[in-house]
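Heads up, the thing below is written out as structure tokens.
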Ligand code: MLC
């Protein structure tokens, strides 16, 4: 079955039921089915064929859901772009994915045709609401998700219908999501957490979802109390924000929510404990990646262990290997490798990078982990110097390359420092060739990089610590205090 067949359980099977709330409007599954059919007819008329790419640069909105479903039905590959990305980052994705068009309401200067979502929706009104007749194999690509790359530019992880389907079937089963759930989704739809987990679990289970444009801590408590969800997915930063809710509201929310899930970054055990004390719920932590969707999850009915990501999901095989590629002894730390129907086939048009990321058919995650005697996995660091801030991945290399392009900067090294709310935040160490104020460097970064990548501090140093081979030793950079 492809995703369209799977979503039909709700789109056709629950036609008259309210499916979605967005900005005070409600939509039934049947209405969503019909509007995405019309849109797919329009996309086909505009020349999109199975296997073509369509880039989407939008904040969460109803049009984005319609566009996603239209692409799924047509076999067009959906390529969402992080709405916080700036020209430089957007241009890279457009050049790499070679889409037929980009859908955006921002004034981009793209190298490809830009389509306005409101215009598309208006024009689609006149189209037939018949489903396009396209046969799609489960191995057909459904989406390309760009992940920040260790080489400085991001690579596109190609996810198939089967990858997304296996992921959704697992989560719906293991977290017991049903049509009786009320699901509050505040995560961005351009990442696999919001799209692959959020949208797919909603459409497979047939539950009612309230979609937010974004998570806003100022009105989050009112939103919870107004919608009264039973199910919520968040990144740790969101749970840190929820801890600020007044006691009484937190208790009331704890009474109607059935399950809080956390992922995309490590959930500090202290946040889990404080949340349990305040809301009366143990957050269920799970582990995933853009390339693999969800792999390991704490169990719904058994122990949800603080600091641990739990047990491999059904169909997922896990290996812990040392640098030589041998399995580590029980209780020892190894690099986590994964195999399963959820794991992608490779990076878009990057055969070498793809080859380098697999060993014996297992995907090399770059994360280090230990398996406890009872099978629970605990993550304990990373091979790469990836920074995760607010659930967004940052590769220091990309920021370092940008800083080094500045005439005043001779060298740069970026590291993550602990941050109470965001988990980590980037800080830049620079060796200057000419004088420049930190504020000017910050301004230039802000103009060209997504806000979460802008270093929180720029520290001028005489030189960067290097080993005998000339490699920068980031762990020897002067430590910054946690905030
Ligand atoms: C954050 N910002 C946004 C935004 N999210 N702007 C527009 N739309 C969004 N969706 C910007 C703000 O403008 C601000 O920029 C900065 O980010 C911090 O915002 P804030 O208001 O202070 O928010 P905060 O309370 O800190 O919460 C941030 C957050 C955000 C949690 C809402 O970080 C977020 O949405 N994170 C989710 C990331 C995610 O979905 N990751 C999944 C990856 S998939 P400025 O300029 O003022 O600093 C993956 C696999 C897996 O990893 O396993 O899931």
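The values are calculated or read from the model by the stated rules, or taken from the named source; none is laboratory data. Here the structure is a predicted model, which is why all the values come from computation and not from measurement. Cβ placement follows ideal geometry from the backbone for every residue including glycine, while neighbour counts extend to all protein chains displayed.
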Residue count, region 249-278, condition in contact (Cβ under 8 Å) with a residue 60 or more places away in the chain, within 17 Å of the chain's Cα centre (by Cα) and closer than 27 Å to residue 20 by Cα, comes to 3
The residue that is surrounded by the fewest Cβ atoms within 10 Å (Cβ to Cβ), considering only those in region 53-75 that are touching a strand residue (DSSP E or B) at 6+ places or on another chain (Cβ under 7 Å) and over 22 Å from residue 27 (Cβ atoms), is 57
Selection from region 197-227 of residues within 8 Å of the ligand (Cβ to nearest atom) and touching a residue at least 60 places away in the same chain (Cβ under 8 Å) yields 197, 213, 214
Taking region 233-249 and the residues there that are assigned to a helix (DSSP H, G or I) and near the ligand (Cβ under 9 Å from one of its atoms), the one that is nearest to residue 297 (Cα to Cα) would be 236
(request) Would you check if residue 23 is on the phi > 0 side of the Ramachandran plot and surrounded by fewer than 23 Cβ atoms within 10 Å (Cβ to Cβ)? (result) yes
Of those in region 275-308 that are within 10 Å of the ligand (Cβ to nearest atom) and assigned to a loop (DSSP other than H, G, I, E, B), the residue surrounded by the most Cβ atoms within 10 Å (Cβ to Cβ) is 291
Of the residues in region 135-163 that are surrounded by fewer than 17 Cβ atoms within 10 Å (Cβ to Cβ) and over 22 Å from residue 295 (Cβ atoms), the one that is farthest from the chain's Cα centre (by Cα) is 135
Looking across region 164-191 at residues that are within 15 Å of residue 72 (Cβ to Cβ) and touching a strand residue (DSSP E or B) at 6+ places or on another chain (Cβ under 6 Å), the single one that is surrounded by the fewest Cβ atoms within 10 Å (Cβ to Cβ) is 164
Out of (1) buried (at least 18 other Cβ atoms within 10 Å of the Cβ); (2) in a loop (DSSP other than H, G, I, E, B), the one residue 349 does not meet is (1)
When region 355-367 is checked residue by residue, the ones that are assigned to a strand (DSSP E or B) and under 13 Å from residue 319 (Cβ atoms) are 358, 359, 362, 363, 364, 365, 367
When region 107-123 is checked residue by residue, the ones that are farther than 29 Å from residue 89 by Cβ and crowded, with 17+ Cβ neighbours inside 10 Å are none
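A quick yes/no check of all residues on (1) within 30 Å of residue 447 (Cβ to Cβ); (2) touching a helix residue (DSSP H, G or I) at 6+ places or on another chain (Cβ under 6 Å):
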site	(1), (2)
34	no, no
60	yes, no
65	no, no
79	yes, yes
86	yes, yes
From the option list 65, 56, 32, single residue qualifying as assigned to a helix (DSSP H, G or I) and closer than 19 Å to residue 214 by Cβ is 65
Among 236, 188, 246, 229, the single one that is over 17 Å from the mean Cα position of the chain (by Cα), at pLDDT 95 or above and within 30 Å of residue 3 (Cα to Cα) is 229
Expected single match for outside the structural domain of residue 192 (by TED's automatic domain parsing) and out of contact with any strand residue (DSSP E or B) (no Cβ under 7 Å at 6 or more places or on another chain) among 310, 325, 280 is 280
Just one listed residue, out of 84, 159, is within 16 Å of the ligand (Cβ to nearest atom), touching a residue at least 24 places away in the same chain (Cβ under 8 Å) and in a loop (DSSP other than H, G, I, E, B), and it is 84
| query | Just to be sure, is residue 32 within 28 Å of residue 216 (Cβ to Cβ), more than 16 Å from the ligand (Cβ to nearest atom) and crowded, with 21+ Cβ neighbours inside 10 Å? | reply | yes
